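The values are calculated or read from the model by the stated rules, or taken from the named source; none is laboratory data. Remember, predicted model here, so these are calculated numbers, not experimental data. Cβ sites come from the backbone with ideal geometry, for glycine too, and all protein chains shown count toward neighbours. Ligands, DNA and RNA are stripped out before the accessible areas are found, and what is left, the full protein with its side chains, is counted by its heavy atoms. Shrake-Rupley method; radii C 1.70, N 1.55, O 1.52, S 1.80 Å.
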Amino acid sequence: MKNIKIALPSLKEARSRKNNNIETIRYRLDNKYNSLGKGKTYYIFTYGCQGNEADSEVMAGILESVGYTLSTDPMNSDVVLLNTCAIRENAEQRIWGVLGQLKGRKRENPDMIVGICGCMPQEENATQKILESYDFIDLVFGTHNRDHLPELIYQAYLTKAKVVEVLSNEGNILEDAPKVRASHHKAWVNIMFGCDEFCTYCIVPYTRGRERSRAKNDIINEVKELVKEGYKEVTLLGQNVNAYGKDLAGDYTFGDLLYDLDKTGIERIRYTTSHPRDLDLKTMEAMRDCKSVMPHLHLPVQSGDDEILKKMNRKYTYDEYMTKVNKLKELVPEISLTTDIIVGFPNETNEQFENTLKLCKEVGFEGAFTFIYSKREGTPAAKMEDNVSDSEKHERLNRLNEIINEGYLKGHQRFVGKTVEVLVDGESKNGDGMMCGYSPNLKLTHFKSSDLSLIGKTVKVKITEAKTWFMIGELCE
Ligand code: 5AD
Ligand code: SF4
């Protein structure tokens with residue numbers, strides 16, 4: 001297939017933090033694409049974080065605005081997009097696997113447009129591999145230009161060539177793009193994009209660009225609109241939400257935003273992800289004062305060892321992390337804390353790993369995403385020598401998970417006998433006459449009922465049993 005290369009990624013450029021002004025642009029569809037997808041179907045496979053889920057909702061909105069409808073047979077749609085994740089090698093392996101399956105489908109249906117987008121194309125070596133070894137892919141674009149989607153598809157149809165547009169520098173902030181939200185009662189709300197932290201193991205500052213905050217009024221208006229539409233919960237999204245506003249004029253912070261959003265009438269506010277260094281007192285006070293801000297905080301610690309934290313460029317110590325956690329527990333005693341932890345960072349010693357276990361016990365995390373360190377080409381840690389064997393890394397992960405799993409169970413046990421408010425998501429997966437939803441502390445809760453009209457409503461459930469991964473309770477009349 002012939003290539004149209006509009007732009008290719010460059011890690012060097014992505015690393016630079018230029019001082020050019022970021023502008024807010026209002027999405028407008030060029031009339032020439034109005035019926036681009038008439039009578040055609042689409043499907044988006046989404047991998048990775050909530051940021052990608054939110055991006056897929058925008059791409060679905062854009063596709064539906066030009067006439068595409070959601071396919072019931074994903075592998076046989078007219079347009080198939082893979083919205084990818086680059087955070088760890090195993091995330092990428094899964095995507096190469098799905099591409100392998102799509103290759104066969106494309107052979108049977110040559111008119112199908114296959115696109116790969118999101119974080120993977122932002123990596124130089126991934127895009128090179130796509131261009132060299134995955135010739136059947138029609139579209140390659142990154143995280144900064146999803147609003148160009150109609151134009152890119154149009155070009156692919158028109159030219160029958162591979163269209164590649166991966167911008168290395170972040171684009172402007174896109175407002176007013178159409179969205180097809182996956183839920184009718186819970187919504188993602190991006191408050192900022194990108195990350196300037198440059199943790200040494202992490203590819204995100206390169207794939208997502210520099211920190212850009214949305215204007216506060218755009219966020220507040222979006223939440224007000226969601227309230228009008230009947231939404232009950234918003235999750236504010238950003239790689240480091242605590243840095244919200246630092247790139248804008250004035251001194252409006254994330255804490256201020258929480259106080260303002262509390263006044264919109266939205267029932268529940270959650271947010272992710274936080275950086276411990278930037279978590280400030282005002283945010284903690286907002287968690288105490290605002291009824292709608294839920295008592296759960298995901299506060300990635302990554303390691304409990306000061307030397308490893310330094311090598312990771314996390315910019316806090318064990319003690320500084322604990323000071324913030326203790327303050328938060330003082331202000332919001334009912335809080336549940338969860339975290340992210342990496343084991344087997346280059347040259348992590350057993351003693352250093354033990355410090356991580358110590359911290360976990362001291363905090364009493366009620367859940368965690370735990371990972372084995374994965375080398376990401378282009379990051380500073382990729383150049384560090386690593387003498388930790390694979391078996392040692394797996395053993396550490398198992399030891400850590402044992403403690404974390406105890407934390408999950410304890411986090412559920414503390415609610416047994418209590419009544420919690422559950423925002424109902426739907427029927428439980430095993431279909432045994434149970435329904436489920438989440439409590440304020442983000443505990444998955446199952447209760448007996450088959451009343452589908454409860455979906456999207458908040459009900460009271462008395463907790464009768466705690467398991468490791470969920471709680472069980474009885475619906476209160
Ligand atoms: N290897 C393993 N885990 C990683 N994370 C980010 N980069 C890597 C990596 N190279 C984890 C961190 C982060 C979460 C989203 O993914 O724990 O908080
Ligand atoms: Fe990656 Fe660190 Fe930014 Fe999180 S804060 S996205 S771990 S660089």
Item to check | Scan of region 404-419 for residues that are out of contact with any strand residue (DSSP E or B) (no Cβ under 6 Å at 6 or more places or on another chain) and of a type in the set (A, V, I, L, M), ordered by number | outcome: Leu409
Next on the checklist: Out of the strands (runs of 3 or more DSSP E) lying entirely within region 1-96, which hold 1 or more residues that are under 23 Å from the mean Cα position of the chain (by Cα)?
Outcome noted: 24-26, 41-46, 79-84
Checklist entry - Using beta carbons and a limit of 8 Å, which pairs, at least six apart or on different chains, have the first residue in region 285-311 and under 19 Å from Leu357 (Cβ atoms) and the second one of a type in the set (Asp, Glu) and assigned to a loop (DSSP other than H, G, I, E, B)? => result Ser303/Glu348; Asp305/Glu348; Ile308/Glu348
Next on the checklist: Here is a check on your reading of the model: is Leu281 within 28 Å of Phe198 (Cα to Cα) and either not polar (S, T, N, Q) or not assigned by TED's automatic domain parsing to the domain that holds Thr339 (or both)?
Outcome noted: yes
Next on the checklist: Being open to solvent by less than 70 Å² (accessible area, probe 1.4 Å), in a helix (DSSP H, G or I) and not β-branched (Val, Ile, Thr) is the requirement here; does Leu337 meet it?
Outcome noted: no
Checklist entry - How about region 209-312: which strands (runs of 3 or more DSSP E) wholly inside it have at least 3 residues that are aromatic (Phe, Trp, Tyr) and closer than 27 Å to Thr370 by Cβ? => result none
Checklist entry - In this structure, is Val114 open to solvent by less than 10 Å² (accessible area, probe 1.4 Å), outside any loop (DSSP other than H, G, I, E, B) and within 25 Å of Thr24 (Cα to Cα)? => result no
Next on the checklist: So Arg268 passes all but one of these: (1) touching a helix residue (DSSP H, G or I) at 6+ places or on another chain (Cβ under 9 Å); (2) crowded, with 20+ Cβ neighbours inside 10 Å. Which condition number does it fail?
Outcome noted: (1)
Checklist entry - Restricting attention to region 193-232, which residues are away from ligand 2 (no atom under 16 Å from the Cβ) and open to solvent by less than 10 Å² (accessible area, probe 1.4 Å)? => result Ile219, Val223, Leu226
Item to check | Exclusive hit being within 24 Å of Lys32 (Cβ to Cβ) and either in contact with a strand residue (DSSP E or B) (Cβ under 7 Å, 6 or more places away or on another chain) or in the same structural domain as Ile25 (by TED's automatic domain parsing) (or both), set Ile62, Ile95, Ile130 | outcome: Ile62
Next on the checklist: Can you confirm whether Thr253 is of a type in the set (S, T, N, Q), open to solvent by less than 10 Å² (accessible area, probe 1.4 Å) and under 22 Å from the mean Cα position of the chain (by Cα)?
Outcome noted: no
Next on the checklist: Looking at region 136-187 only, could you name the residues that are of a type in the set (Asp, Glu), under 30 Å from Val227 (Cα atoms) and modelled with pLDDT of 90 or more?
Outcome noted: Glu175, Asp176
